[in-house]
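Since every read-out is calculated from the coordinates, none of them should be taken as a lab result. Model, not experiment: these values are computed from the prediction. All Cβ positions, glycine included, derive from the backbone under ideal geometry; neighbour counts span all protein chains shown.
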Amino acid sequence: MTIRVWDYLTEYGAEEADLLDAVRTVFASGQLVLGPAVEGFERAFADFHGVRHAVGVDNGTNAVELALRSAGVGPGDEVVTVSNTAAPTVVAIDAIGAVPVFVDVRDDDTYLMDVAQVRDAITPRTRAVLPVHLYGQCVEMEPLTTLAAEAGIAVVEDCAQAHAARHHGRLAGTFGRTAAYSFYPTKVLGAYGDGGAVLTDDDEAAARTRRLRYYGMERTYYVVERPALNSRLDAVQAEILRRKLGRLDDYVAARREVARRYDEALAGTDLVLPAVAPGNEHSYYLYVVRHPERDLVLKHLAERGIALTVSYPWPVHTMSGFAHLGVPRGSLPVTEAAAEEIFSLPMYPHLSPEIQDTVIENLLDVLRDL
Ligand SMILES: *Cc1c(COP(=O)(O)O)cnc(C)c1O
């Protein structure tokens, strides 16, 4: 049996009765699109964060697009973000016809946006800054929100990896004008299929997001004001997510325990372990380590039946699909160097100590024999 970075079947085994009951509830409700399941999850997700609005959408990529558009970003506007993210962060900017502008990340093993570089990246065309709370911990938000307020630009948070992460006690997703979530199955709060949400305290941004996900209509009027998308959260996924939201704190606690065991077992090796930035409570979407012989380590582990992955092997600015941005290799040195050396260890709430110990033992063996 191959050991993988992520697996949901143990969780499914433990929660099957509740999950299938969620499916039955929606099928028997008489309302298959939007309706009480979606509204119920939206209310619960907003309340969890202590904000006024959550709008369920069909996936995290469209959540980023709608969060940006609802915050006022349009064609030709510049959006400051990072290149070491899931490509959809940048695909969403591109889908609007907006222009991504990249800053580098901090050289402190957190791989988070270097907020000190944002000021120089702002031009008269900048409309928003899009921090990515990468791997489950928050970008330094106080200087960023202050800077954005001074510059008159919106902060839009990409929270796809940071459900329930806290920064100086405050939840991710509560700092920006809007925030985007993905509920892709691997995420800290994962659906059994696709899903996403936009979170906001701003009534107008929430109303705009609701129009944008519904063809550009106010639901009751059947009139398109400005053509938009169909980007609704599926009702079955919403009901599953509402139930799983009640277990989110337990999932995060389990992820932290997995991280603690790795921290303890791998201290003193040649691996660079993930750093937690000051003030952060990490949700550990991923446990990312670093080694100069990364490719060799992964090859030896694969031979032992442990298939690890790299998030992400290619910074977005080096991808052929973004060559038109004209951002040369070498321009984001910390991002580019990290991409050569990082890799992810198995991380999910139901990872058993036995499987984790197998990973640790094999990894220690491989490192010793390099
Ligand atoms: C997963 C992810 C997305 C995209 O979410 P999907 O639901 O897969 O569309 C966007 N941004 C980040 C940082 C992600 O990790």
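Values for this structure:
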{"read-out": "Sequence of Met347, Met113 once ranked by neighbouring C-beta atoms within 10 Å, starting from the fewest", "value": "Met347, Met113"}
{"read-out": "Additional length obtainable on full extension of the chain from Glu204 to Val223, 0.36 nm per residue less Cα span", "value": "5.0 nm"}
{"read-out": "DSSP-defined antiparallel bridges as percent of all bridges, the chain, nearest 5", "value": "60"}
{"read-out": "Ranked packing of 17-26, 73-82, most packed first, by mean Cβ within 10 Å", "value": "73-82, 17-26"}
{"read-out": "Calculated FRET value between Asp108 and Ala265, using beta carbons and R₀ = 25 Å, to 0.05", "value": "0.65"}
{"read-out": "Listed peptides 325-336, 95-106, 237-248 by packing density, highest first (mean Cβ within 10 Å)", "value": "237-248, 95-106, 325-336"}
{"read-out": "Nearest-0.05 FRET efficiency for Val272 and Ala121, computed from C-beta distance (R0 30 Å)", "value": "0.65"}
{"read-out": "Over the chain, relative contact order from alpha-carbon pairs under 8 Å, at least 6 apart, %", "value": "22"}
{"read-out": "Sum of -39500 (n - 2.57) over DSSP H runs of 4+, divided by residues of the chain (222 nm, nearest 500)", "value": "-12500 deg cm²/dmol"}
{"read-out": "Unit charges on C-beta of K, R, D, E only; dipole of region 8-245, Debye", "value": "660"}
{"read-out": "Pairwise label distance in nanometres, Trp6 with Asp250, each label 7 Å out on the Cα-Cβ vector", "value": "2.1"}
{"read-out": "Peptide ranges 129-135, 85-91 listed from the most packed, as the mean C-beta count within 10 angstrom indicates", "value": "129-135, 85-91"}
{"read-out": "Where a label projected 7 Å from the Cα of Ala149 along Cα→Cβ would reach, residues of region 165-197 with amide N under 20 Å", "value": "167-179"}
{"read-out": "Largest-first ellipsoid semi-axes for region 8-245, taking √(5λ) over the Cα gyration tensor eigenvalues, angstrom", "value": "30, 21, 14"}
{"read-out": "Gain upon complete extension [Lys299, Ser320; 0.36 nm per residue less C-alpha separation]", "value": "5.0 nm"}
